[in-house]
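Report on the following structure.
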Amino acid sequence: MSPWPLLAEGFEAAVLPCSLILVVPGAAVGLTARAAAIPAFAAYAIGVLTMSWLRFSDRGGDHPALLVAGALMLATILLLVPLISRLDLAALPAGLLAGGATAELWRPCVGPELGRLLDSLPAEGLGGLGWLSVHLVGVLAPLAVLAALHHLTPDWVLERLEPIWAVAGGLLLALLSVVTAFGLHDDLAGRLLEWSGRA
């Protein structure tokens, strides 16, 4: 298996609606984390990768909707705490929690390369983790762009916009938590897959 077609397929999936279930909450995590946006994005990506690998390699995953909703709500609370106390370390566990939770909701746009990987993932062991990370680099590329833009934004602009972004991101994560708690996440993921022309 070559990494390049798998990476290219990930970049292609990044612009399809089916990947919004990962990209939008990831953006919300980074925006809510404010000054700790880049570590929060990284923690989120690690959470997505870890839980996706556990789930698709039949080593774990498939958690009840209420547990996933609770993880999303806890991540939201952890991210909103720094608004009051500036405890930026909360962004790391919050990013991991939110990434793992959204990986449980994700229905990937399966192309031929990812399809082959998912078929062989249970037998791949830790090597499968590496192959899956290649694909997810492409899928989560919009978050890297967002992190770079956040880093390059002048401080005087960030001071004005970060509080608004943080509240909007927190509300978005809380909304996804409520949608998941009420069991509507399957409909949401299915609709995104349908809009991607993959259902």
Review point. Surrounded by 17 or more Cβ atoms within 10 Å (Cβ to Cβ) and modelled with pLDDT of 90 or more: does that describe residue 139?
Key: yes
Point to revise | Residue check, residue 112 over 16 Å from the mean Cα position of the chain (by Cα), over 23 Å from residue 34 (Cβ atoms) and loosely packed, with under 14 Cβ neighbours inside 10 Å | key: yes
Review point. Taking segment 165-196, which residues are in contact (Cβ under 8 Å) with a residue 40 or more places away in the chain, surrounded by fewer than 17 Cβ atoms within 10 Å (Cβ to Cβ) and not in a helix (DSSP H, G or I)?
Key: 183
Review point. For segment 45-80, which residues satisfy the criterion of being surrounded by 15 or more Cβ atoms within 10 Å (Cβ to Cβ), of a type in the set (Gly, Ala, Ser) and assigned to a loop (DSSP other than H, G, I, E, B)?
Key: 57, 61
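The values are calculated or read from the model by the stated rules, or taken from the named source; none is laboratory data. Model, not experiment: these values are computed from the prediction. No Cβ is skipped: glycine too gets one built from the backbone with ideal geometry, and neighbour counts run over all protein chains shown.
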